[in-house]
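Here is the structure we will look at, set down as structure tokens.
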Amino acid sequence: MGAAGKPEEERKQADKPAERRGTELAAPARRKEPAAEAPGDRRRTTRLVLLAALLHGLAYLFAVAPWMGEDEPWHLEYATHVAHLHRPWGGKAAMYGANAPVDERTLWATSQLQMRRRMAGATEEEIDERQREILESMAEHDYYRRVDWAGAVQDRTDFDQIEPFFTASSHPPGYYVVLGAWLYPVRNASIDTRLAWARALSLLVYLATVWVALELARCAFSDRSLVIAATLAFAWFPMNARLGAVVNNDVLARALGALVLMLCARRLVGDESRRNVALAIAAVAFGLLVKSTVMSLAGVLYVTLALGATTPAKRRGLALVTVGGVALLAGVLWLWHTQHSPVLPRNLPAFLERLERGASPATFRELWHTFVGGFNWYSRELPERTYTIAALVAGLAGLSAFSALFHTRRGVSRRVLALCFALIALQVGLVVLRGEGQGRYLMPAMAAIAIVFAAGLLAPLSGFRRPAGLKLFATLLFVYDAIFLWGGLVPNEYLVWGS
């Protein structure tokens, strides 16, 4: 055909409907697929997220005043004794009663006797000296002026004068063994140096957990926008970021929760590596030696293995895991009992009373308030409307994400999303069984909560609208975090003096 034939061909092409002309013209009419991560983008995203999380974590590390982490004095006390090579089991019980030569409760504070009962080789004098050292630092850093319920008396000699009959020595030893090993090089430094060193470990664990949360998001979503949104929701949620700046066993419980959930998610999306299963089992076993709140992870892992038991060999393996899991759980409960853990009720009436208290509206209100945000050992709160708005957003995100279990959302793994919902439900159930509503008790499920938020708020958007939705989501999250940090935490801990 010559040049004269070209106009005729062009006219015929123009007469065709747009969707039939060719791919370059039909493409705009198609629904755009979610954008997946290329290998190079994947590495770059990981580096940028970790760098941003490091800067964000450092901001909290320098902003949170000394001793403003809840129960921080007790946690550090426990770990410093481990750093001096005292075993956190097999200590000396207190002498009292009719047959005792002396009632030691009249000689030493209850908190000191409780710590001696935990620490083999730690003397009364050493424990007393450590508590006085910490209390002096707390007074120097204006702890009593920051925490409204603590009272104004500065000169205190034991921990009972802050909170009677309270101790960290009843916690499982896992976290304190790790922190004690970390503190060993600075075990003879000033208590302020040891506090800063212990907080540095929390920051490192926070960064490692952000990476795990990112890998979990990549299992849950094939859309890059959803992956980033879930990671930001985890890393920039204020109380979660703040946890990376204080000394608390919840920081390790949160890391193990994210790790087990990520390994289970990998299995659900097709990675049946035995190494992942072995690592998940080890993480659950260690987690039960860290804090009772990680018991939910055992349920999530078991559900994951049960879903994959599709052959006789796998079912036999599941049976072995079941027997081993029951034995492990029995051993852990025995350990908690011997260490006088407060999570175990003493009798049936106490258990029923705890259930009633745990299911009460007051407990759920406290759980929500301390999860969304609080300052100065929860003695000060955000404006009430903040908790209301947060509840509305969380409810909307939760309902939207729950609907994604029944209606396909492009780029969303419904199996992983269902597993996240299961972990959240188990975690809330543990709070009810515990009878106390503390936001940090939800931290083992924090990565799951971030997945639900991202799925609920961004997944309903079409593929080409998700990047714009991500920008809006990130902007609102950063603004909220900035208001929390600079408009709430810093003023309350440095500018507004209470008691």
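The values are calculated or read from the model by the stated rules, or taken from the named source; none is laboratory data. Computed from a predicted structure; not experimentally measured. Neighbour counts run over all protein chains shown; Cβ positions are idealised from the backbone, glycine included. Accessible surface is based on the protein model in full, side chains and every heavy atom, while ligands, DNA and RNA are left aside. Shrake-Rupley method; radii C 1.70, N 1.55, O 1.52, S 1.80 Å.
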Scan the stretch 382-398 residue by residue and report those that are under 19 Å from residue 469 (Cβ atoms) and loosely packed, with under 11 Cβ neighbours inside 10 Å.
392
Do we have residue 234 as in contact (Cβ under 8 Å) with a residue 40 or more places away in the chain and assigned to a loop (DSSP other than H, G, I, E, B) here?
no
Residue pairs meeting the criteria (Cβ under 7 Å; at least 6 apart or on separate chains; first closer than 18 Å to residue 298 by Cβ, in the stretch 430-447; second assigned to a loop (DSSP other than H, G, I, E, B) and of a type in the set (Gly, Ala, Ser))
431/437; 432/359
Which of the residues belonging to the stretch 55-104 are touching a His at 6+ places or on another chain (Cβ under 8 Å), closer than 18 Å to residue 117 by Cα and among the aromatic types (Phe, Trp, Tyr)?
78
Lone qualifier among 261, 232, 216 - being of a type outside the set (Gly, Ala, Ser) and open to solvent by 10 Å² or more (accessible area, probe 1.4 Å)
232
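Here is a yes/no grid of residues against (1) polar (S, T, N, Q); (2) open to solvent by 80 Å² or more (accessible area, probe 1.4 Å); (3) without any contact (Cβ under 8 Å) to a residue 40 or more places away in the chain:
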site: 319; (1), (2), (3): no, no, yes
site: 328; (1), (2), (3): no, no, no
site: 339; (1), (2), (3): yes, no, no
site: 343; (1), (2), (3): no, no, no
site: 352; (1), (2), (3): no, yes, yes
site: 361; (1), (2), (3): no, yes, yes
site: 380; (1), (2), (3): no, no, no
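Residue-by-condition table, conditions (1) at pLDDT below 90; (2) open to solvent by 40 Å² or more (accessible area, probe 1.4 Å):
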{"site": "83", "(1), (2)": "no, no"}
{"site": "86", "(1), (2)": "no, no"}
{"site": "94", "(1), (2)": "yes, no"}
{"site": "103", "(1), (2)": "yes, yes"}
{"site": "109", "(1), (2)": "no, no"}
{"site": "119", "(1), (2)": "no, no"}
{"site": "137", "(1), (2)": "no, no"}
{"site": "154", "(1), (2)": "yes, yes"}
Of the residues 498, 456, 463, 488, which is in contact with a helix residue (DSSP H, G or I) (Cβ under 6 Å, 6 or more places away or on another chain), modelled with pLDDT under 95 and surrounded by fewer than 24 Cβ atoms within 10 Å (Cβ to Cβ)?
498
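Take the stretch 430-451 and flag every residue that is β-branched (Val, Ile, Thr) and open to solvent by 10 Å² or more (accessible area, probe 1.4 Å).
Answer for the stretch 430-451, where residues must be β-branched (Val, Ile, Thr) and open to solvent by 10 Å² or more (accessible area, probe 1.4 Å): 432, 449.
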Going through the stretch 296-317 one residue at a time, which ones are surrounded by fewer than 16 Cβ atoms within 10 Å (Cβ to Cβ) and among the polar types (S, T, N, Q)?
310, 311
Out of the helices (runs of 4 or more DSSP H) lying entirely within the stretch 311-392, which hold 1 or more residues that are modelled with pLDDT of 95 or more?
361-372
Go through (1) in contact with a helix residue (DSSP H, G or I) (Cβ under 6 Å, 6 or more places away or on another chain); (2) over 23 Å from residue 244 (Cβ atoms) one by one and return the number of the condition residue 164 breaks.
(1)
Scanning the stretch 264-303 residue by residue, those touching an Asp or Glu at 6+ places or on another chain (Cβ under 9 Å) and in a helix (DSSP H, G or I) turn out to be 265, 266, 293
Go over the candidates 426, 489, 472, 485 one by one and state the one that is touching a Phe, Trp or Tyr at 6+ places or on another chain (Cβ under 6 Å) and assigned to a helix (DSSP H, G or I).
489
